[in-house]
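The values are calculated or read from the model by the stated rules, or taken from the named source; none is laboratory data. Since we're looking at a predicted model, the values are computed, not measured. Cβ placement follows ideal geometry from the backbone for every residue including glycine, while neighbour counts extend to all protein chains displayed.
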Amino acid sequence: MIEKPVLSGLLPEDIASLMPGEASFKGTQIFKWIANGAQSFDEMTNLSLELRRKLNSDFLIYSSSVHTLLRDPDGTLKLQVRLQDGLMIEAVLLCDREGRKTACLSTQAGCAMGCTFCKTGTLGFARNLTAAEIVEQFLQLERNAGTLQNIVFMGMGEPLLNLNAVRQAIAVLSHKAGRNLSVRRITLSTCGIIEGIYDLADKGPAVRLAVSLTTADPELREKLMPVAKSQSLHNLADAIRYYSEKTGHRCTLEAALMKGVNTGENSAQNLIGFARSLPVHINLIPWNRVEGLPYEAPSSKEVDFFCKALENAGLNVTVRTKRGSSVAGACGQLGKTKSDTGMPVA
């Protein structure tokens, strides 16, 4: 698929190892240029002309390209990215009221988890992304939106099922010679892959963890999230507790609220029972409409009732502000893995 080595997903020492005969600091110079947004080797003016020619001949900086750029009036930016094998993925730039910018990155093309309320879950699984393809989403968002402060791995796919590539991407983006992004500003969201949570806790990096819980009713969760059939709530709670103890981070429980599905008294009490003994914050996400899926967004009355029930039980709760829905960039709406035509779709 890729004939030339791609440098965007490599650390300085990895780049240097591909250039025998060159001084090792050249790897760091190239790494810095890539982190600063260089699009071609010709921009790397502190390298000799001869070395730049060799780099152009032997390597690629990027393995992917921006196919379409979409902007929401609320400041959300969505990139539809074409991979070298023709698959399409999406990455989103979110901007909060304080102006802080967060990159929402994908880790897989499609998703095998099949969550019934998520557009990506309807696509099936194509493949894992490489570390380069993950890093490039961040760099392309930053190129179009300016300096970013945070990363959330909440795009297409399940990050814990592509953990090696995610780890490598984080190592690149947090490297002091490059973007130097603190791992405390990185959040990984999982649908509840218990083995992966333990692996991340034990081997790092110590990013912040968010768990897409949706409901703590075992039967309903299995219907909404097929992964729950093999990942019990009891074992998931143990894994969340372990992660928090190991890293010192309070985890986030995410619940996508759907009208008449998981917003009633029983759903609230089940969630309270699950979360009460855990060091967690709860993020309620009113469901974002996805054409063809059999759900509706909850009313403000349902959301208020659910939120107050959790708060009255002593839990820390936030209701997420809806952003990016006009470009299908909101939570649960990402879902383009193939281009319909060869032209931009904006």
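Structure notes:
- Among the residues making up segment 46-55, a single one is under 26 Å from SER174 (Cβ atoms) and out of contact with any Leu (no Cβ under 8 Å at 6 or more places or on another chain): ASN46.
- Residues that are closer than 14 Å to ILE194 by Cα and in a loop (DSSP other than H, G, I, E, B), drawn from segment 226-264: SER230, GLN231, SER232
- Segment 140-166, residues that are under 17 Å from ASP199 (Cα atoms) and either hydrophobic (A, V, I, L, M, F, W, C) or surrounded by 18 or more Cβ atoms within 10 Å (Cβ to Cβ) (or both): PHE153, GLU158, PRO159, LEU160, LEU161, ASN162, LEU163, ALA165, VAL166
- Members of segment 41-78 found to be surrounded by 15 or more Cβ atoms within 10 Å (Cβ to Cβ) and in a loop (DSSP other than H, G, I, E, B), listed by number: MET44, LEU47, PHE59, ILE61, TYR62, SER63, SER64, ASP72, ASP74, GLY75, THR76
- Segment 79-112, residues that are in a loop (DSSP other than H, G, I, E, B) and either at pLDDT below 95 or over 15 Å from the mean Cα position of the chain (by Cα) (or both): LEU83, GLN84, ASP85, GLY86, ASP96, ARG97, GLU98, GLY99, ARG100, ALA112
- Inter-residue pairs, beta-carbon under 6 Å, first charged (D, E, K, R) and in segment 114-132, second in a strand (DSSP E or B) and at pLDDT 95 or above, 6+ apart: ARG127/ALA109
- When residues of segment 293-307 are limited to those that are in contact with a strand residue (DSSP E or B) (Cβ under 9 Å, 6 or more places away or on another chain) and assigned to a helix (DSSP H, G or I), the one surrounded by the most Cβ atoms within 10 Å (Cβ to Cβ): PHE306
- Where SER17 falls short, out of the listed (1) hydroxyl-bearing (Ser, Thr, Tyr); (2) in contact with a helix residue (DSSP H, G or I) (Cβ under 6 Å, 6 or more places away or on another chain); (3) farther than 23 Å from PHE138 by Cβ: (2)
- In segment 277-292, the residue that is surrounded by the most Cβ atoms within 10 Å (Cβ to Cβ) out of those that are among the polar types (S, T, N, Q) and either in contact with a Ser or Thr (Cβ under 6 Å, 6 or more places away or on another chain) or in a strand (DSSP E or B) (or both) is ASN288.
- Contact annotation: residue pairs with Cβ atoms under 7 Å, 6 or more positions apart or on different chains, pairing a residue in segment 2-19 that is outside the structural domain of ARG167 (by TED's automatic domain parsing) with a partner that is surrounded by fewer than 15 Cβ atoms within 10 Å (Cβ to Cβ) and of a type in the set (S, T, N, Q), are ALA16/SER24.
- Taken together, GLN137, GLN108 contain a single residue that is outside the structural domain of PHE31 (by TED's automatic domain parsing), more than 22 Å from TYR243 (Cβ to Cβ), out of contact with any Phe, Trp or Tyr (no Cβ under 6 Å at 6 or more places or on another chain) and buried (at least 23 other Cβ atoms within 10 Å of the Cβ), which is GLN137.
- Residue within segment 179-186 that is in a strand (DSSP E or B) and in the same structural domain as ALA239 (by TED's automatic domain parsing) present: yes
- Of the candidates LEU278, LEU257, the single residue that is at pLDDT 95 or above and either outside the structural domain of ALA112 (by TED's automatic domain parsing) or over 23 Å from the mean Cα position of the chain (by Cα) (or both) is LEU278.
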